[in-house]
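Nothing in this text is a laboratory measurement; each read-out follows from the coordinates by a stated rule. Keep in mind that this is a model prediction, so the values were computed, not measured. Ideal geometry is used to build each Cβ from the backbone, glycine not excepted, and the neighbour counts take in all protein chains shown.
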Amino acid sequence: MKTFTINNELIFNELYKTYYDDLFGYLLSFSTNKIVIEDVIHDTFEQIWFKKEQIKIEHSVKNYLHKMAYNKLVDFHRLNNRLNLINSIRHLEEVPEIIETESYEITYKQLYNCLGVLPPKCKDVFVASKLEGMKYKEVASHMNISVKTVEGHMAKAYKILRSCVVC
């Protein structure tokens, strides 16, 4: 098996020219924001350039680039979700908005206050899963707990939040 290395600027430039359009099309299947896609591709190639001595691609260059760009896009969306959450929480402290549901009205502030009622570990799991967008398996790995424990914390969180919001 041959190992591909990026050991000079000429190889890097050829890699960029060859795979830019392919990466753009690939990421377009996950996001419609072309500016974000361009930034992600730029960041991907920037990381490749700065870590060129350490990168040894043993399989498909295309697959390696796809995986790297996809992970950068996911990281971008996770960060963006966290920033949106922070902005929402800041907004909650200033102006409570009302959400109309089928049977009752609640405020974001009331829901936010109910999050404070959750036990600390349960709250961490709920925030990681629902507000940061992590999957149960990712939460379990990140917090060094089992997936079943994550499921238990989520069930407990939903039960507490339902009773808190209804009151």
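Distance between the pseudo-spin-label points of Phe12 and Val147 (7 Å out from Cα toward the beta carbon): 4.0 nm. In the structure shown, the pairs Lys121/Lys156; Lys123/Lys148; Lys72/Lys156; Lys67/Lys148; Lys62/Lys137; Lys34/Lys72 are assessed against 22 Å; a Cα-Cα span above that value is assigned to Lys72/Lys156; Lys67/Lys148; Lys62/Lys137.
Estimated translational diffusion coefficient (Stokes-Einstein, Kirkwood radius over Cα pairs, 10 °C, 1.306 mPa s) of segment 9-78: 129 µm² per second.
Whole-Hz Karplus values for segment 33-44 come out as 7, 5, 5, 4, 4, 4, 5, 5, 5, 4, 4, 4 Hz, taken residue by residue from phi with 6.51 cos²θ - 1.76 cosθ + 1.60 and θ = phi - 60°; glycine and proline positions read x. The HN-Hα couplings worked out from phi for segment 121-126 by the Karplus form 6.51 cos²θ - 1.76 cosθ + 1.60 (θ = phi - 60°) are 5, 5, 5, 4, 5, 4 Hz, whole numbers, x standing for Gly and Pro.
Amide H contacts of Asn33: none lie under 5 Å away among residues 5 or more positions distant or on a separate chain (H built 1.01 Å from N in the peptide plane; Pro and chain starts excluded). When you count the other C-beta atoms within 10 angstrom of each residue and take the mean per peptide, 14-20, 29-35, 43-49 line up highest first as 43-49, 14-20, 29-35.
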